[in-house]
Structures are given as structure tokens and as C-alpha cells.
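Here the structure comes first, spelled out in C-alpha cells, and everything after it is commentary.
Values quoted throughout were computed directly from the atomic coordinates according to the rules given, and no laboratory measurement underlies them. As the structure is a prediction and not an experimental result, all values here were calculated from the model. Counting neighbours? That spans all protein chains shown, and the Cβs are built from the backbone with ideal geometry, glycine included.
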Amino acid sequence: MKVDSSLSGKSLLRALAGERLATPPIWFMRQAGRYLPEYRELRRQAPNFMDFCYAPALATEAVMQPLRRFPLDAAILFSDILVVPHALGRDVRFIEGEGPRLDPLIGQASWALGDPAKAVERLAPVYEAVERIKAGLPEGVALIGFAGSPWTVATYMLQGRGGDKDDCRAAAWAQPAQVDALLAVLVETTARHLQAQAKAGAEVLQIFESWAEGLAEPQFEQLVLRPTAALIVRLRALGVTQPVIGFPRGAGHHLARYAAETGVDALGVDTSVPVARVRPALPARMPLQGNLDPQLLVVGGDALRAGVASVLADFGDAPHIFNLGHGITPEASPEHVTAMIAAVRGAAT
Ligand code: 1CP
């Protein structure tokens, strides 16, 4: 990791370099999205969500929308984790009100995928969006690139949709070598995808391991720890120096192993993690990101202010990046986001 805080006034980069700031940098997962009326309006310009993701001008505008409303310290690329399977030749569709649909690999004789280098060529519009966003960012705002982890992306490819991961775990128990081969292709493609985002201007990279939950330890090792560690080794071999935030949602008792064994530079923690109690088991001074319950942005008021205070107290004197414990929901109110940011900044120590 190469983060020299003296070279940058960006608070996110300073926190990732290990500084504990009086006011933590603030951004939040899914900060561009459906809770914003201007996003819903913009989204109508490309009814097919994948087309929206591949339109650099639309993706750039989606990133800028929350920055106009809120004094945030970071922007995240507008894209989706499922552009990777799409670029590898899988059919990816989004059904209104239901979510993504892919042709499931489970049940197919061959799991052959396209070539990682070619896949990344197909993702050129994503990197063009990164360049445009970077050029238009307000001063002090850091740009985060992202990808899904190999396992999380594999779950959508295996079962063709979201929902519980029972079939995916069964496939991994039944056909471990075939699942390993799938994960290896995703490691290579994802490393190149993140490298290209870094080259185009992303200053931080986040890996979304949204489906770390419910895994027995041997499967956590096979499906999460080993592929993530391989991904980060590969990224560094490709010359990528940007800090990496890992977000293993639902990792539970495996969280400390994830922090210690994958090579991530910072750890995103979900809402269920009692940070003060878990912290002694984590690498000393590892920057932590999280973890306000997104439902508090639906509720607002005193509950929201108390929730912010409780998160700030819980993270104590660790280098902290304020965030939600998962993505903001479409039901959240933008006014509550303003109140959340005011509460974080007002509580500066
Ligand atoms: O109609 C729409 O506008 C589609 C809604 C939407 C949006 C706004 C989807 C479909 N993806 C996105 C953008 C997105 N996805 C971003 C950039 C926006 C931002 O953060 O500001 C990011 C980082 C993601 C990442 C993503 N996509 C994850 C990991 C984060 C998480 O929430 O756990 C996952 C699991 C996906 C898959 C996906 N894409 C979209 C949906 C509804 C889903 C979840 C499907 C499911 O239920 O499992």
C-alpha cells in the first residue's frame, strides 16, 4: 500500500493511511441510487440497467448527484459487480422490482468462460467513466473504484439470481475443483478490472464480499479467504498500489481471519459487528469502515442521532471511515442523510 498522507489533503486517504481524524471521513454504500429522485429521473434515460452502467456520461452524472446534495469525502464509481460476468460472456439482465438474472451455471455441463484480458477490454466504458468522474470531482473528494469478490460474483453466476445461497454452498461441497476453477477466472478478471480502474484514476479500491455469511470454516477458507488473498497478491503483482478496503458482509466469527489473512488494508464492517468487542482480535490500527444501520436513514430523528453517537463511540480511537453497515435502501430519506452527516460532524472530538 502506498498512501502518503502528507501528499494529500483527502481525508479518506489519510484515514486509510492510519490517521485517526477528529471527524471521520464520510461516504456511504449505494450513495448514488434509488433513494434520490434525481437518480430515478436519470435512470429513465437508459431503461436497461446494464446499458446505464456502460454509458459513461450517465454513470458520471449518477456519481455527481449525491455530491451536489451532501458534503461527502468520497465518491464511488457508478457501476455494478455484475459487469464482470457480463464481460466474461454471461447473459446478465435486471428485472424491475426483482433484481439480476443470469443463466445459472449450476446444471450446465460446462462452466467455460471467456478470456479475462478480453473481458476487461469490453469494460472500456467503465474506465472511461472513471476518468470523467475523476476530472469532475470536487476538491478533497476521493474516488473509490470497486468490484465484487470472486465468491460473491460467483454466487450470482452459479444460481443465476440473488436470494439464499444454499445451492451455491451445495455446489461448492459437491464440485470443489470446478468451483475453484470458476473462482480462479474471477480472480484474474477482477484483478485486471481493478487495475484498469486504478489506472483510470481510482484512488481507493473496495471489494464487496456481500455474501460472506453462513459459511462453515472450510468453505470460508476455500471460497472467501483464498480467492481474496489471491486477488490482492495479483493486484500488487500488476503494480496496483492503491489501498484496498474489504467488506465481508456477514463474515461473523471469521471476520478476524479475513482481516489478517487476505491482505486487505482496511476492513468494512457490517451493521451486526460489535466493533469495540471485536477490535482486539483485529490487526492493530487497521482502519475500520462502518457501520450505521441503513434502516436509521429510513427512520431519522432521535433514533438516527443516537445511532450515529453509538457508532462513533463504538469505533473509539481506531482510524475510522464513517459508513453504513450495508447499502442505503430506496426507502431512505435524503433529509435523513443530511442529518446523519451533521450528527457525525457535530460530534467531532
Ligand atoms: O434500477 C436500478 O437503478 C438498479 C439498482 C442498482 C444500483 C443503483 C443495482 C442493481 N446496482 C446499482 C449500483 C451499484 N451496485 C453500485 C454503485 C452505486 C453506489 O454505491 O453509489 C455498487 C457499489 C453496487 C454493488 C453491488 N451490486 C453489490 C455489492 C453491494 C451490496 O449491496 O451488497 C451487489 C450484491 C450487487 C448486485 C445487484 N445489483 C443491483 C441489485 C439490486 C443487486 C442486488 C441483487 C440481490 O438482491 O442479490
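The 3J(HN,Hα) values that the Karplus relation (6.51, -1.76, 1.60; θ = phi - 60°) gives for the stretch 47-54 are, in residue order, x, 7, 4, 5, 4, 4, 5, 9 Hz. Gly and Pro appear as x. Each of the trypsin sites (Lys or Arg not before Pro) that DSSP puts in a loop and that has at most 12 other Cβ atoms within 10 Å breaks the chain; the longest unbroken stretch is 45-284. Taking the helices alone, the chain has a mean residue ellipticity at 222 nm of -13000 deg cm²/dmol, built from -39,500 (n - 2.57) per DSSP H run of at least 4 residues and averaged over all its residues.
For the stretch 5-346, the share of DSSP beta bridges that are antiparallel, to the nearest 5, is 15%. Remark: spin-label model distance residue 181-residue 309 equals 5.8 nm, labels positioned 7 Å along the Cα→Cβ axis. Put one equal scatterer on each alpha carbon of the stretch 1-135, apply the Debye formula with no solvent term, and list log10 I(q)/I(0) at q = 0.12, 0.18 1/Å to two decimals. Relative scattering, expressed as log10 I(q)/I(0), comes to -0.62, -1.09. Residues whose amide H falls under 5 Å from that of residue 142, counting only those 5 or more places apart or on a different chain, are 12, 74, 75, with hydrogens built in the peptide plane. Remark: 86, 320 ranked as 86, 320, counting other beta-carbon atoms within 10 Å and listing the fewest first.
The H on the amide N of residue 206, modeled in the peptide plane, is under 5 Å from the matching H of 145, 146, 147, 245, each at least 5 residues off or on a different chain.
Full extension of the chain between residue 276 and residue 95 gives 61.2 nm of extra length, using 0.36 nm per residue less the Cα-Cα distance. Compared with the direct C-alpha span, the chain from residue 164 to residue 68 gains 30.9 nm at full extension, assuming 0.36 nm per residue.
Relative contact order of the chain, taken over Cα pairs closer than 8 Å and 6 or more residues apart, is 21 percent.
Take the Cα of residue 106, step 7 Å toward its Cβ, do the same at residue 317, and the gap between the two points is 4.9 nm. The charge dipole of the stretch 5-346, taken about its Cα centre with unit charges on the Cβ atoms of Lys, Arg (+1), Asp and Glu (-1) only, comes to about 520 debye.
By the beta-carbon count within 10 Å of each Cβ, the least crowded to most crowded order of 204, 298, 308, fewest first, is 298, 308, 204. If r is the Cβ-Cβ distance from residue 115 to residue 57 and R0 is 41 Å, what FRET efficiency results, to the nearest 0.05? Efficiency, rounded to the nearest 0.05: 0.90. Scaled against 2.2 N^0.38 Å for its residue count N, the alpha carbon radius of gyration of the stretch 169-280 is 1.08. Considering all different alpha carbon pairs of the stretch 5-346, the Kirkwood hydrodynamic radius works out to 20.2 Å.
The 3J(HN,Hα) values that the Karplus relation (6.51, -1.76, 1.60; θ = phi - 60°) gives for the stretch 163-174 are, in residue order, x, 5, 9, 4, 5, 5, 5, 4, 4, 5, 6, 7 Hz. Gly and Pro appear as x.
Close Lys pairs in the chain, defined as Cα atoms under 27 Å apart and 8 or more places apart or on different chains, number 8. Its Kirkwood hydrodynamic radius, worked out from the mean inverse distance over all distinct Cα pairs, puts the stretch 301-346 at 11.4 Å. Close amide H pairs (under 5 Å, H built 1.01 Å from N) link residue 321 with 288, 289, 290, residues at least 5 positions away or on another chain.
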